[in-house]
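Please treat every number below as a calculation from the coordinates, not as lab data. Every value quoted in this text rests on a predicted model; they were computed, and no experiment measured them. A quick note on method: Cβ atoms are made from the backbone with ideal geometry, for glycine too, and the neighbour counts reach across all protein chains shown.
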Amino acid sequence: MNPVHVIGGGLAGSEATWQIARRGVPVILHEMRPERGTDAHKTDRLAELVCSNSFRSDDREHNAVGLLHEELRRADSLIMRMGDANQVPAGGALAVDRDNFSAAVTATLESVDQVSIARGEIAGLPPAEWDSVIVATGPLTSLALSAAIRELTGEDALAFFDAIAPIVYFDSIDMNVAWFQSRYDKAGPAGNGADYLNCPLDRPEYDAFVDALLSGEKTEFREWEANTPYFDGCLPIEVMAERGRETLRYGPMKPVGLTNPHRPEEKPYAVVQLRRDNALGTLYNMVGFQTKLKYGAQTEILRTIPGLGGAQFARLGGLHRNTFLNSPKLLDPTLRLKALPRLRFAGQITGCEGYVESAAIGLLAGRFAAGERLGEEIAMPPATTAFGALLGHITAGHISADEPGRRSFQPMNVNFGLFPQVEVPRVQGKKLRGSDKALARKRAITTRALADLDDWLSRATAEAAE
Ligand SMILES: Cc1cc2nc3c(=O)[nH]c(=O)nc-3n(C[C@H](O)[C@H](O)[C@H](O)COP(=O)(O)OP(=O)(O)OC[C@H]3O[C@@H](n4cnc5c(N)ncnc54)[C@H](O)[C@@H]3O)c2cc1C
């Protein structure tokens with residue numbers, strides 16, 4: 001049997017390699033370290049954690065990443081098995097001893113018969129005779145390989161920097177203050193004239209907002225990020241505010257072409273617009289609001305915007321050095337590049353964010369590649385599972401609103417906004433409210449996810465046995 005080639009021995013590549021090997025398919029894992037390093041990795045080990053040692057919350061009932069942990073465990077993930085085996089105390093989070101964790105992943109993969117580990121950079125497109133390849137080279141993909149991918153996919157298809165605007169859960173927006181309307185009621189090619197959510201600010205509110213942006217605590221670029229250029233189209237809101245007090249009113253907070261139906265006689269001084277981000281309609285993106293404010297400052301300042309007082313954020317803003325594809329356009333549902341299907345992508349380069357999410361997409365890519373090699377029909381994870389929800393964000397769920405030189409698809413952690421909605425169960429015939437309702441909704445989503453996951457896994461096992 002021809003081997004599957006996996007490029008990149010990080011979180012995604014290590015997990016993909018394990019998943020392929022456990023199906024009895026030979027796999028060659030190519031890792032460029034130690035021959036060539038990155039700006040963040042420090043060792044030659046596989047699955048090195050480049051920053052925090054936390055896999056975040058392990059609460060599988062009420063937290064989307066905790067649910068993803070559990071799904072990974074049930075699907076026999078190597079990353080989760082070694083994470084669990086190398087835990088350090090961290091309250092409700094799962095944190096690991098980083099050295100022992102990556103040493104254990106490395107030793108396990110080195111000991112598996114079907115796995116060969118080849119050290120060295122893949123410095124261009126993989127040779128044509130490699131008929132099944134998983135590219136899992138992460139946010140710091142080597143320049144030679146990213147240049148080759150860019151040439152293949154097109155100038156706008158691979159970004160070297162993310163410019164993340166915050167995303168708000170729709171049901172946390174106060175619709176007594178906000179209203180739906182597109183600027184000048186324009187419907188555009190796919191809209192209905194009421195596609196944006198608008199939050200109005202009067203002059204004192206706008207002035208206070210600008211002051212807060214100017215004084216809010218910002219994160220610094222890392223030393224090696226500082227020289228990466230970013231363009232005027234992607235300026236953080238606090239940098240726009242620094243350029244002049246009115247700059248935001250002429251940029252993302254323009255009040256023109258909008259009438260507030262709650263107070264039609266009053267012209268708003270500035271307006272924040274949110275655009276629907278996913279097909280489910282659960283997530284709204286704050287248009288043009290990319291920011292490098294620290295997370296604490298961000299939530300505090302953004303909640304001063306009328307209508308967002310109780311906002312819950314599925315994603316906070318940021319700007320980082322990153323390498324990621326415009327996946328909804330480029331990848332098919334099983335993560336293969338439409339233009340060259342022998343290449344499949346996994347991990348952060350697909351537009352997920354975080355160690356656990358990268359491992360999960362590595363797991364799926366590994367299962368898909370192994371199944372394909374064994375001639376099986378690929379069974380997709382249900383959209384109701386965390387696997388399916390995350391895969392949906394990458395390949396289908398996001399509503400694209402690209403502008404020239406600026407793309408709307410940005411990396412995302414797993415979150416409950418990516419799941420199809422559920423009916424919140426009543427208690428003794430009564431509707432729940434407030435935090436009881438929020439917790440019951442999360443429990444309903446996670447219970448449904450794990451039942452559907454078990455069904456998917458058992459069907460896949462039965463089919464493989466036939
Ligand atoms: C500075 C920094 C800090 C971060 N902090 C956190 C954090 O605290 N928590 C969190 O959850 N996430 C964090 N992330 C995101 C994190 O990197 C990813 O979530 C995760 O490591 C991505 O997994 P991956 O497998 O896609 O990529 P990686 O884990 O980066 O693995 C990619 C591998 O590919 C190798 N490689 C690259 N190019 C080639 C090539 N051409 N040939 C062969 N091998 C190659 C690299 O050496 C690397 O080993 C951080 C990212 C960065 C850059």
Between helix 98-111 and the chain: long-axis angle, C-alpha atoms, 0 to 90°, nearest 10
40
Order by neighbour count: C234, C51, fewest other Cβ atoms within 10 Å first, most last.
C51, C234
Nearest-ten-degree value, helix 143-153 long axis tilted from longest Cα axis of the chain:
70
Please state, rounded to one decimal and in Å, the Kirkwood hydrodynamic radius that region 1-52 gives when every pair of distinct Cα atoms enters the mean of 1/r.
11.7
Just from its helices, what would the mean residue ellipticity at 222 nm be for the chain, if runs of 4 or more DSSP H residues each count -39500 (n - 2.57) and the sum is divided by every residue, rounded to the nearest 500 deg cm²/dmol?
-9500 deg cm²/dmol
Geometric extent, Cα atoms of region 14-132 - Rg, Dmax (angstrom)
15.7, 49
Could you check how many percent of all C-alpha pairs in region 69-200 are farther apart than 19 Å?
74
How long are the three semi-axes of the equivalent ellipsoid for region 372-466, computed from the Cα gyration tensor as the root of 5 times each eigenvalue, in whole Å, largest first?
29, 25, 8
Note on region 178-226: alpha-carbon gyration tensor, axes a ≥ b ≥ c; rule is a/c under 1.5 for rounded, else prolate if a/b larger than b/c, else oblate; result oblate
For the chain, longest principal axis from Cα atoms; helix 203-215 axis from its Cα atoms; angle between them, nearest 10 degrees, is 40
Just how many % of Cα pairs in region 400-440 lie over 15 Å apart, if you round to the nearest whole percent?
63
Arranged by the count of other C-beta atoms within 10 angstrom, fewest first, what order do W456, W130 take?
W130, W456
Along the positive direction of the dipole of the chain (beta-carbon charges: Lys, Arg +1; Asp, Glu -1; about the Cα centre), which of I122, A383, V422 reaches farthest?
V422
Take the Cα pairs of the chain, get the Kirkwood Rh, then feed it into Stokes-Einstein at 20 °C and 1.002 mPa s and tell me D in µm²/s.
92
Can you order the peptides 422-432, 24-34 by their average number of other Cβ atoms within 10 Å per residue, highest first?
24-34, 422-432
For the residues V356, V287, what sequence is obtained by ranking on other C-beta atoms within 10 Å, fewest first?
V287, V356
Going Cα to Cα from K292, which aspartates and glutamates come in below 19 Å? Please leave out same-chain ones fewer than 8 positions away.
D162, D211, E217, E220, E223, E225, D232, E238, E242, E300, E353
Among the listed pairs K254/K431; K42/K294; K186/K329, give every one whose C-alpha distance is greater than 29 Å.
K254/K431
